[in-house]
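Chemist: Sharing a structure with you now.
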Amino acid sequence: AETSEGRLGIWDTASWQRIGECATHGVGPHDVKRLPLSEDLLVANGGIQTDPTDRTKLNIATMRPNLARLGPDGALISLAEAPEDLAQNSLRHLALLPDGRAAVATQWEGDPAEAPPLLALWEDGRLTFCPVPEAEMLVMQNYAGSIAYCPARAEIAITSPKGGAVQVFDAAGRFRATYRRADACGIAPAPAGFTMTG
């Protein structure tokens, strides 16, 4: 609690007893997924240290978000960090792609006048951020609330309850469209697209 250093709790699903833990190799873990065709885990460490009593954000100027790939024993396999100019882009929610890549939705903690990309793709331990056209940069109000990948359309969608919008990208991270939906947040793949809650 004092450092916000990340931990994964390990539980026995037969008894629901906690049987161990391992480090996430970052601060403020937010999401974890098991990588396809693998025993490895991918952890989104948001990078934000918070006060243990009132959750005040303590390290915005020095935050270091990352995606950590962990082996089944908790050992660190690779660590992908945001570049320095995007280090205030907290890595939050993950969506897995069938080819072994992952997509991550971010929340910008830096200058609100800036509008950095809110979608990044992870592949082989590297992060690539996905820009949007200039006219679409402020629509999401620097906040992606959720993410999903639709296999039927080979598309990634991120939502913004703050912006009241959903942005859709192709599987290579190229922007396709913005849809306006009030308080859009939860999103999941559906047979021919996405199912969204708002």
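Chemist: Being assigned to a loop (DSSP other than H, G, I, E, B), surrounded by fewer than 16 Cβ atoms within 10 Å (Cβ to Cβ), free of Cβ contacts under 8 Å to residues at least 60 places away in the same chain and touching a Leu at 6+ places or on another chain (Cβ under 8 Å) is the filter here, so list the residues in region 18-70 that pass it.
Modeler: The answer is Asp51, and nothing else.
Residues are listed down the side, and each one gets a yes or a no for (1) within 19 Å of Ala102 (Cβ to Cβ); (2) among the basic types (Lys, Arg); (3) modelled with pLDDT of 95 or more:
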{"site": "Met140", "(1), (2), (3)": "no, no, yes"}
{"site": "Tyr149", "(1), (2), (3)": "yes, no, yes"}
{"site": "Ile156", "(1), (2), (3)": "yes, no, yes"}
{"site": "Phe169", "(1), (2), (3)": "yes, no, yes"}
{"site": "Phe175", "(1), (2), (3)": "yes, no, yes"}
{"site": "Ile187", "(1), (2), (3)": "yes, no, yes"}
{"site": "Ala190", "(1), (2), (3)": "no, no, yes"}
{"site": "Gly198", "(1), (2), (3)": "no, no, no"}
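Chemist: Only one of these is more than 28 Å from Ile10 (Cα to Cα) and surrounded by 15 or more Cβ atoms within 10 Å (Cβ to Cβ): Ala102, Ala87. Name it. Talk me through it step by step, then tell me what you get.
Modeler: On the way: Ala102 fails: more than 28 Å from Ile10 (Cα to Cα).
Answer to the selection: Ala87.
Chemist: Inspect region 43-54 for any residue being of a type outside the set (A, V, I, L, M, F, W, C), in contact with a strand residue (DSSP E or B) (Cβ under 6 Å, 6 or more places away or on another chain) and at positive phi and give the result as yes or no.
Modeler: Yes, region 43-54 has at least one match.
Chemist: Looking only at residues in region 140-198 that are open to solvent by 10 Å² or more (accessible area, probe 1.4 Å) and among the hydroxyl-bearing types (Ser, Thr, Tyr), which one is nearest to Glu123 (Cα to Cα)?
Modeler: Tyr149
Residues checked against (1) touching a residue at least 12 places away in the same chain (Cβ under 8 Å); (2) farther than 29 Å from Met196 by Cα; (3) part of a loop (DSSP other than H, G, I, E, B):
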{"position": "Ser78", "(1), (2), (3)": "yes, yes, no"}
{"position": "Ala105", "(1), (2), (3)": "yes, no, no"}
{"position": "Val132", "(1), (2), (3)": "yes, no, yes"}
{"position": "Ile147", "(1), (2), (3)": "yes, no, no"}
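Chemist: Here is a further query. Output the residues belonging to region 119-133 that are β-branched (Val, Ile, Thr) and either at pLDDT below 95 or within 13 Å of the chain's Cα centre (by Cα) (or both).
Modeler: Residues of region 119-133 that are β-branched (Val, Ile, Thr), as a first pass: 128, 132.
Selection gives Thr128 alone.
Chemist: Of all residues in region 59-74, how many are under 15 Å from Gly6 (Cβ atoms) and of a type in the set (A, V, I, L, M)?
Modeler: We begin by selecting, within region 59-74, every residue under 15 Å from Gly6 (Cβ atoms); these are 59, 63-70, 74.
Adding the requirement that they be of a type in the set (A, V, I, L, M) leaves 63, 67-68, 70.
The total comes to 4.
Chemist: While we're looking at this one, here's another question. Step by step: first the residues of region 2-17, then only those that are in contact with a strand residue (DSSP E or B) (Cβ under 9 Å, 6 or more places away or on another chain) and farther than 19 Å from Asn89 by Cα, then the one that is most open to solvent (accessible area, probe 1.4 Å). Which residue is that?
Modeler: At the first step, the residues of region 2-17 found to be in contact with a strand residue (DSSP E or B) (Cβ under 9 Å, 6 or more places away or on another chain) are 3-12, 17.
Now drop any that are not farther than 19 Å from Asn89 by Cα, which leaves 3, 7-12, 17.
Values: Thr3: 78, Arg7: 106, Leu8: 28, Gly9: 39, Ile10: 73, Trp11: 131, Asp12: 58, Gln17: 110 Å².
The residue in question is Trp11.
Chemist: Could you identify the single residue in Gly198, Gly173, Gly163, Gly100 that is more than 24 Å from Gln49 (Cβ to Cβ) and touching a Leu at 6+ places or on another chain (Cβ under 6 Å)? Walk me through it before giving the result.
Modeler: On the way: Gly198 fails: touching a Leu at 6+ places or on another chain (Cβ under 6 Å); Gly163 fails: touching a Leu at 6+ places or on another chain (Cβ under 6 Å); Gly100 fails: touching a Leu at 6+ places or on another chain (Cβ under 6 Å).
Only one candidate passes the filter, namely Gly173.
Chemist: List the residue pairs whose Cβ atoms are under 6 Å apart, where the first residue sits in region 156-168 and is assigned to a strand (DSSP E or B), the second is crowded, with 24+ Cβ neighbours inside 10 Å and of a type in the set (Ser, Thr, Tyr), and the two are 6 or more positions apart or on different chains.
Modeler: Listed pairs, sorted by first residue: Val166/Thr159.
Chemist: Take Ile77 and decide whether it is among the aliphatic types (A, V, I, L, M), within 20 Å of Asn45 (Cα to Cα), open to solvent by 50 Å² or more (accessible area, probe 1.4 Å) and modelled with pLDDT of 95 or more. Spell out how you get there, then give the answer.
Modeler: On the way: among the aliphatic types (A, V, I, L, M): yes; within 20 Å of Asn45 (Cα to Cα): yes; open to solvent by 50 Å² or more (accessible area, probe 1.4 Å): yes; modelled with pLDDT of 95 or more: yes.
Judged against the criteria, Ile77 is a match.
The values are calculated or read from the model by the stated rules, or taken from the named source; none is laboratory data. No experiment lies behind these values; they were computed from the predicted model shown. All Cβ positions, glycine included, derive from the backbone under ideal geometry; neighbour counts span all protein chains shown. Accessible surface is based on the protein model in full, side chains and every heavy atom, while ligands, DNA and RNA are left aside. Shrake-Rupley method; radii C 1.70, N 1.55, O 1.52, S 1.80 Å.
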